[in-house]
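Q: Take a look at this one; I'll ask things after.
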Amino acid sequence: MDTQLKVRENKARRAAARLRLGLAKSRTRDPLAPDFDLWMIVDRDGMVVAGGEHMRPLMTLDDVEAWLRDGPRQFGGESQKKYRRRMLEWLLARV
């Protein structure tokens, strides 16, 4: 693996952790597969926040970095609304 790519991955993971999120990378090892080297952003419970559909990653590392830097509005904001609703329901269940 390229050292610069690994550094970018680690930086993205740390940025996600600061937001109490995590990154999940596609487990595909075949470079010709359509989901090779794709990512999704997940919350602490493993629920997809952005870049995933049916637990299949859909974002490139560039997309992940942009989402973490610019926020979900760049990607339509729908994932942010779903995430906020889930977080609100989770918080209300704890009260």
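The values are calculated or read from the model by the stated rules, or taken from the named source; none is laboratory data. If you're wondering where the values come from, they're calculated on a predicted model, not measured in any experiment. All Cβ positions, glycine included, derive from the backbone under ideal geometry; neighbour counts span all protein chains shown.
Q: Given the structure, is LYS6 assigned to a helix (DSSP H, G or I) and at pLDDT below 85? Steps first, answer last, please.
A: Details: assigned to a helix (DSSP H, G or I): yes; at pLDDT below 85: no.
Taking the combined requirement at face value, the residue does not satisfy it.
Q: Yes or no: ARG18 modelled with pLDDT of 90 or more and farther than 15 Å from GLY71 by Cα?
A: no
Q: Restricting to the range 20-34, give me the number of residues that are over 8 Å from the mean Cα position of the chain (by Cα) and surrounded by 13 or more Cβ atoms within 10 Å (Cβ to Cβ).
A: Qualifying residue count for the region: 3.
Q: OK, next. Which of the residues belonging to the range 17-29 are out of contact with any Lys or Arg (no Cβ under 9 Å at 6 or more places or on another chain) and over 15 Å from THR60 (Cβ atoms)?
A: Result: ALA17, ARG18, LEU19, ARG27, ARG29.
Q: Filtering the range 35-62 down to residues that are under 17 Å from LYS6 (Cβ atoms) and in contact with an Asp or Glu (Cβ under 7 Å, 6 or more places away or on another chain), which residue is surrounded by the most Cβ atoms within 10 Å (Cβ to Cβ)?
A: The initial filter retains those residues of the range 35-62 that are under 17 Å from LYS6 (Cβ atoms), namely 36-39, 60-62.
Okay, now just the ones that are also in contact with an Asp or Glu (Cβ under 7 Å, 6 or more places away or on another chain), so 36, 61.
Details: PHE36: 13, LEU61: 16.
Per the criteria, the residue is LEU61.
Q: Looking only at the range 1-36, which residues are without any contact (Cβ under 8 Å) to a residue 24 or more places away in the chain and of a type in the set (S, T, N, Q)?
A: Correct list: THR3, GLN4, ASN10, THR28.
Q: Do you know which residues across the range 1-43 are out of contact with any Phe, Trp or Tyr (no Cβ under 9 Å at 6 or more places or on another chain) and among the basic types (Lys, Arg)?
A: Passing the criteria: LYS6, ARG8, LYS11, ARG13, ARG14, ARG18, ARG20, ARG27.
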